[in-house]
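The values are calculated or read from the model by the stated rules, or taken from the named source; none is laboratory data. Computed from a prediction, not measured in an experiment: that's the story for all the values here. Cβ: placed from backbone, ideal geometry, glycine included. Neighbour counts: every protein chain shown.
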Amino acid sequence: MEEKEEMRKVFCDTLIELAGTDDRICIINSDSRQISGTLAFEHAYPNRSFNVGIAEANMVGVAAGLSVSGKIPFAHAFAPFMSRRCMDQATVSLALSGLNAVLVGLSPGIVAEINGATHQAYEDIAVYRAIAGTTILEPFDPVQLRQMIPAAIKRGGLVYLRYDRGVTPVFYGPEYRYEIGKADILRDGGDITLISSGIMLNQCLQAAAILEKEGIGARVINMHTIKPIDKEAVIDASRTTGRIVTVENHNILGGLGSAVAEVLSEEAPCRMRRIGVRDRFGEVGKRDYLRRCLHIDTPDILEACRALL
């Protein structure tokens, strides 16, 4: 039976464990205790848990105040509200001021499902990529998330963490060691490369398995650190396979596809395609439906690969 874990429980349990030996760790919620799954942390450390109500911009200001006081705040909100709503506070109060904080964007993109277009963040990566000195992380599975949290604390500065808080299959084994800025090759191949992160890696692995039956070797790269991007992994993919398809749960403008294209244009040009939301808003629907109507599903990846091949 495939092992699965709830990502928000993994997140909270890891924070509780780390907080046991690091009294700098604290959390801030914007009436988001339930969606962030951090109630257990609040019960364990009530004096290090704060709820500011539905006021995300103010929450980032509070995070800055806690950081100035020597704390390491983890602030939580749905991804659109952690990005669009508080870009100025994240830029000036945190990044420009050189403070340490982890801003957590929950349920990005299609993961927001029936909450509809208002809650579906397809521009959050673009927002944080534009802020100087930021780090942007997106885990693939519970094992990676568990190791990503202490790495984010050690990294320092402004870290934006976007992830699916739901139940997720375990991909990595006990031997896995996470490193910020170092992409993981989930599957190797010499004909074409698929570069993705988070939930869309499942569709990439599906597409690679189908291509293998057609005699095509597809490399699948987990670009879990979107900023700073692993340039070496992108350059090697270009020079080895000569064709790259990026796949993201985000607008193709300003996201992972843009980041990869920037590296390729300056360092190792090759043919590429970008699979992502094409300059539009989302709509109400379950993620299977949204993948189809936004053209970010497995058949769309296969179509792009075959066009390049």
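From the set of residues in region 52-68 that are modelled with pLDDT of 95 or more and either among the β-branched types (Val, Ile, Thr) or not in a helix (DSSP H, G or I) (or both), which is surrounded by the most Cβ atoms within 10 Å (Cβ to Cβ)?
My answer is VAL60.
Scan region 1-28 residue by residue and report those that are modelled with pLDDT under 95, under 21 Å from the mean Cα position of the chain (by Cα) and not charged (D, E, K, R).
Scanning region 1-28 gives no hits.
At least 1 residues that are within 24 Å of ALA63 (Cβ to Cβ) in each: list the strands (runs of 3 or more DSSP E) lying fully within region 115-178 that qualify.
135-137, 158-163
Using the structure shown, decide if THR134 is under 29 Å from ARG280 (Cβ atoms) and free of Cβ contacts under 8 Å to residues at least 40 places away in the same chain.
So THR134 fails the test.
Being more than 23 Å from LEU99 (Cα to Cα) and aliphatic (A, V, I, L, M) narrows it down to one residue among ILE16, ILE27, ILE35; which is it?
None of the others qualify; the one that does is ILE35.
Considering region 189-220 alone, what residues qualify as being of a type in the set (S, T, N, Q), closer than 25 Å to VAL167 by Cβ and part of a strand (DSSP E or B)?
Step one: list which residues in region 189-220 are of a type in the set (S, T, N, Q), which gives 193, 196-197, 202-203, 206.
Now drop any that are not closer than 25 Å to VAL167 by Cβ, which leaves 196-197, 202-203, 206.
Across region 189-220, the qualifying residue is only SER196.
Restricting to region 281-309, count the residues that are among the acidic types (Asp, Glu) and touching a residue at least 60 places away in the same chain (Cβ under 8 Å).
Of the residues in that region, 2 qualify.
Would you mind finding the one in THR91, THR134, THR118 that is hydroxyl-bearing (Ser, Thr, Tyr), surrounded by fewer than 24 Cβ atoms within 10 Å (Cβ to Cβ) and within 24 Å of LEU294 (Cα to Cα)? Please lay out each step first, then the result.
Details: THR91 fails: within 24 Å of LEU294 (Cα to Cα); THR134 fails: within 24 Å of LEU294 (Cα to Cα).
Within the list THR91, THR134, THR118, the selection yields THR118.
Just checking, how many residues over region 166-184 are within 25 Å of ALA77 (Cα to Cα) and buried (at least 21 other Cβ atoms within 10 Å of the Cβ)?
Residues in region 166-184 being within 25 Å of ALA77 (Cα to Cα) and buried (at least 21 other Cβ atoms within 10 Å of the Cβ): 1 in total.
Touching a residue at least 60 places away in the same chain (Cβ under 8 Å), outside the structural domain of ASP300 (by TED's automatic domain parsing) and over 15 Å from PHE11 (Cβ atoms) - does that describe any residue in region 173-192?
Looking through region 173-192, none of the residues is touching a residue at least 60 places away in the same chain (Cβ under 8 Å), outside the structural domain of ASP300 (by TED's automatic domain parsing) and over 15 Å from PHE11 (Cβ atoms).
Could you list all residues from region 165-196 that are modelled with pLDDT of 95 or more and touching a Gly at 6+ places or on another chain (Cβ under 8 Å)?
Selection gives ASP188, GLY189, GLY190, ASP191, ILE192.
Restricting to region 121-131, what's the tally of residues that are surrounded by 18 or more Cβ atoms within 10 Å (Cβ to Cβ) and more than 14 Å from the chain's Cα centre (by Cα)?
Matching residues across region 121-131 total 1.
Table: residues versus (1) of a type in the set (D, E, K, R); (2) under 18 Å from HIS119 (Cβ atoms); (3) touching a strand residue (DSSP E or B) at 6+ places or on another chain (Cβ under 8 Å).
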| residue | (1), (2), (3) |
| --- | --- |
| ILE244 | no, no, yes |
| ASN249 | no, yes, yes |
| CYS270 | no, no, yes |
| VAL284 | no, yes, no |
